[in-house]
Each structure stands twice: as C-alpha cells, then as structure tokens.
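Comments concern the structure below.
The values are calculated or read from the model by the stated rules, or taken from the named source; none is laboratory data. On a predicted model such as this, the values are computed, not experimentally measured, just so you know. Cβ: placed from backbone, ideal geometry, glycine included. Neighbour counts: every protein chain shown. All accessible areas refer to the heavy atoms of the entire protein, side chains included, with ligands and DNA or RNA removed. Shrake-Rupley method; radii C 1.70, N 1.55, O 1.52, S 1.80 Å.
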There are 2 protein chains.
Amino acid sequence: MHRSRVHAVRIDTPEAEAAAGFWSAALGVSAEADPAEPRSTVLHHALPGLVTAVQCVDDAPRFHLDIETDDVDAETARLVLLGAAEVAREHGRRVLRTPGGHVVCIVPVRSDPEDFAAGANTWIDRA
Amino acid sequence: MHRSRVHAVRIDTPEAEAAAGFWSAALGVSAEADPAEPRSTVLHHALPGLVTAVQCVDDAPRFHLDIETDDVDAETARLVLLGAAEVAREHGRRVLRTPGGHVVCIVPVRSDPEDFAAGANTWIDRA
C-alpha cells in the first residue's frame, strides 16, 4: 500500500526570468527563488492548495505536474501499469511521459505530513 | 476596473481518450464529457478549487490555464501590457502566448458568481 497526491504545478521554460515576472504580475502574487529547487521560482498562492513554480529548463516550454508519494518506486510502477513510460531518474525523482504526451514527475513527499495524509489517495500495490 | 482569476487547468492533446483514461485512474477521480465544451472531458475534483479537463486538440500536447474574467477585453489588454501576445480570438475567448512560451485562454466568467467574487483579483484598468 502506498499514497500519493498532486503536489505542484511547474511552469517549465528556458525563459524563466521573463515567465516568472509575467506570472507574478498576471496572477497578482509574489515570486521568490526556491531554496530547495535550483533554477526554480515559487509563485506564492498562485493556485489553491498547490505549489506553483516557474522552472528554468533547457527544453521546450511546458507545464508539468509533480505527484508526491511515500513510495516513489510503487507510484512509478502504478503509473507505468496505467500506460506511462519512465523517461528519466534524477535526484530521487522519476520523470514519466503520460499517455497523451505530457510529463509528470514522481517525487518523495514534500508537503507537511498532515497535509499529505489529508489529501493523498491510498493505493493497493500489485504483487 | 475589472476582475479575474484562474478558473481551469486544461490538459490538451490529440490523444484525448487515452489521456482522460490515464489521468482519471492516476488521480483516482471520475471523468465525464463536458456538455459545455465540445471535445473536453472533465476530471472531477482532480485539483483543488480548479476545473481540470482533458481537451482534444489538433496540436502538440500541452497544459494551459483558463483565466476567467468579467471583462475579456480589459483582461486581455492587461496581460498584453505584461508581455503576452494575442494569437487567436474564438467563441468569445482570447488565446494568448505568454512570456516564456506558454498558452493561456481568457474566458468570460464560468464559475458561480459568489465563488468568482471570493477568489478574483480586482485590477485598475489603464486609460
């Protein structure tokens, strides 16, 4: 058994400074460099109940979701069974390509444990 | 003066059926065709406080945000002043390309008026 939930919406772009300035003003929120994530700027309270951040990537602009979980291996296996494909492993996280062509990252729990427990789904792991 | 807020996260892809099936199972939520939006499948309660939907597009996979507003012209003008570029007008909505290269749609208010009033920012329009 393991648990997971959506933790963050990440706005990936090679033009991160321009994007962070735009989204901060567009949504009326403050922007601040994230000490825990290099190349990342947090947009405080931009979306309800989710971390929202602009992330500098050497790739085409995209949005991706971070799913946090208490078992990265089991959550990855669950999503692969649902049709996702693992495309990278880095710093304890997994990067998956989903059916439909989007990117999702599976990360260890980042939230306060009580918030995680309150919002997470529980999944029965297959043998 | 006008008001706006983020209303929806839309998961755009040409493979909408596969994507809707995946996200429904991945997030543990029900999926249902949206009677108000052709080619769109709503994922009920997938993200807190936001409409989340898979939308079939004849274009590369992407996520985009819908910003709802009580004045589409004024909200579009505000975001263009912040650096966005208008790329399309269709069915009363505007499609903008933001600094950083993402897509955002400006739509008339879709939410319950009380929810909109509670969550929206108020902006002073420039002359």
**OP:** Kindly report, to the nearest 10 Å², the accessible surface of residue B:63 as traced by a 1.4 Å probe over protein heavy atoms only.
**Re:** 10 Å²
**OP:** Just reorder A:103, A:51 by solvent-accessible area, largest first, 1.4 Å probe, all chains present.
**Re:** A:51, A:103
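Express in nm, to one decimal, how much length is gained between residue B:123 and residue B:18 on full extension, taking 0.36 nm for each residue of separation and deducting their alpha carbon distance.
Details: separation 105, 0.36 × 105 = 37.80 nm, distance 3.95 nm.
This chain segment gains 33.9 nm when fully extended.
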Original post:
Using Cα atoms only, what is the angle between the long axis of helix B:72-81 and the major principal axis of chain B, expressed in degrees (0 to 90) to the nearest 10?
Top reply: 80 degrees
Original post:
Shape of the range B:6-124 from its Cα gyration tensor (a ≥ b ≥ c, root eigenvalues): rounded if a/c is under 1.5, otherwise prolate when a/b > b/c, or oblate?
Top reply: oblate
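Under the definition of Cα pairs under 8 Å and six or more residues apart, what whole-number percent is the relative contact order of chain B?
Numbers: 248 pairs, mean separation 38.7, N = 127.
The value is 30 percent.
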Subject >> Solvent accessible area, Å² - residue A:123, 1.4 Å probe, full protein context >> reply: 40 Å²
Subject >> For the range A:1-33 and the range B:22-45, distance of Cα centres in Å >> reply: 23 Å
Original post:
Could you give the angle, 0 to 90 degrees to the nearest 10, between helix A:16-27's Cα long axis and the longest principal axis of the Cα atoms of chain A?
Top reply: 90 degrees
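With Cβ to Cβ distances under 15 Å as the rule, what net charge do the other residues near residue A:12 carry (K, R +1; D, E -1)?
Details: positive: A:10, A:39, A:62, A:93, A:97, B:62; negative: A:15, A:17, A:34, A:37, A:58, A:59, A:66, A:90.
That sum, taken over residues with Cβ under 15 Å, equals -2.
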Original post:
For residue A:114, which inter-copy label distances result when the label point lies 7 Å beyond Cα on the Cα-to-Cβ vector, reported in nm to one decimal and in ascending order?
Top reply: 2.8
**OP:** Could you please point out the chain A residue with its Cβ nearest to the axis of the rotation taking chain A onto chain B, and the distance in whole angstrom?
**Re:** A:63, 2
Original post:
So what does log10 I(q)/I(0) come out to for the range B:1-70 at q = 0.13, 0.19, 0.21, 0.24 Å⁻¹, using the Debye formula with one equal point on every Cα and no solvent?
Top reply: -0.36, -0.71, -0.85, -1.06
Original post:
Can you list, shortest first and in nm, the gaps between the label point of residue A:59 and those of its counterparts in the other copies, using a point 7 Å from Cα in the C-beta direction?
Top reply: 2.0
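Summing both sides, how much accessible area is buried between A and B? Use a 1.4 Å probe and give Å² to the nearest 100. Let's see the in-between values first.
Values: alone 7410 and 7410 Å², together 12020 Å².
The A and B chains share an interface burying roughly 2800 Å².
Mind checking the per residue accessible area of the range A:17-113 for me, 1.4 Å probe, whole number of Å²? Provide the component values of the computation, followed by the final result.
Working: 4310 Å² over 97 residues.
With the other protein chains kept in place, the range A:17-113 gives 44 Å² per residue.
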Original post:
In the protein assembly as shown, what percent of the accessible surface is made up of carbon and sulfur (1.4 Å probe, ligands and nucleic acids excluded)?
Top reply: 52 percent
